[in-house]
Amino acid sequence: MVESKTPAQVEAVRETRQFEMDTLVGYILQDGVLLSLGLIIAGLFWRWFRTGTLTVDYQITGMNLFEFVTAEVRLAVHGAVEPRLLINLGIAVLMFTPFIRVAASVVYFFAVLKNWKYTLFTSVVLIVLTYSLFLR
């Protein structure tokens with residue numbers, strides 16, 4: 001025999017899932033910011049120990065995030081591991097954090113909640129964010 005759920009039980013499940021989603025989003029945002037902060041601080045300390053100054057003398061303007069990350073990965077692969085790499089990695093993590101949050105929301109709305117309307121809306125936001133990564 002199949003049991004039907006009461007409206008109170010359905011509401012309790014919905015609230016539990018909403019709490020799970022809020023918790024997931026909170027951890028993604030918190031961990032992204034903390035990881036970014038840690039990388040930037042580590043890069044600045046490394047720079048300070050190496051040169052005695054916290055100044056970084058380069059510009060990151062004129063390129064989109066994809067070009068920025070690609071340039072840094074190329075430098076790292078060619079052995080140019082220096083404080084700048086950690087600082088830039090921290091900046092990249094900070095910039096990707098909202099993107100990862102939206103991507104996780106799409107997966108959650110699609111796979112867990114099976115809410116097609118929210119999946120569609122959040123997918124549109126993800127497409128716009130993805131497009132913006134390639135803009136200058």
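The values are calculated or read from the model by the stated rules, or taken from the named source; none is laboratory data. Given the structure is predicted, the values throughout are model-derived calculations rather than measurements. A quick note on method: Cβ atoms are made from the backbone with ideal geometry, for glycine too, and the neighbour counts reach across all protein chains shown.
Among the candidates Phe68, Phe99, Phe45, single out the residue that is out of contact with any strand residue (DSSP E or B) (no Cβ under 9 Å at 6 or more places or on another chain), closer than 28 Å to Thr130 by Cα and modelled with pLDDT of 90 or more.
Details: Phe68 fails: modelled with pLDDT of 90 or more; Phe45 fails: closer than 28 Å to Thr130 by Cα.
Going through Phe68, Phe99, Phe45 in turn, just one is out of contact with any strand residue (DSSP E or B) (no Cβ under 9 Å at 6 or more places or on another chain), closer than 28 Å to Thr130 by Cα and modelled with pLDDT of 90 or more: Phe99.
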Quiz item: Which members of the stretch 77-132 meet the condition of being surrounded by 17 or more Cβ atoms within 10 Å (Cβ to Cβ) and basic (Lys, Arg)?
Solution: Arg84, Arg101
Practice problem: Please go through the stretch 28-73 and pick out each residue that is small (Gly, Ala, Ser) and either surrounded by 13 or more Cβ atoms within 10 Å (Cβ to Cβ) or part of a helix (DSSP H, G or I) (or both). | Solution: Gly32, Ser36, Gly38, Ala42, Gly43, Ala71
Quiz prompt | Residues located in the stretch 82-136, provided they are part of a loop (DSSP other than H, G, I, E, B) and under 18 Å from Val25 (Cα atoms) | solution = Lys114, Asn115
Quiz prompt | Pair list, Cβ under 8 Å, 6 or more apart: the stretch 14-39 residue polar (S, T, N, Q), other residue at pLDDT below 95 | solution = Ser36/Gly90; Ser36/Ile91; Ser36/Val93; Ser36/Leu94; Ser36/Thr97
Quiz prompt | Index of the failed condition, Val69 passing every other in (1) in contact with a Phe, Trp or Tyr (Cβ under 9 Å, 6 or more places away or on another chain); (2) touching a residue at least 60 places away in the same chain (Cβ under 8 Å) | solution = (2)
Quiz item: Do you know which residues across the stretch 78-136 are of a type in the set (Val, Ile, Thr), farther than 26 Å from Leu37 by Cβ and more than 19 Å from the chain's Cα centre (by Cα)?
Solution: Val112
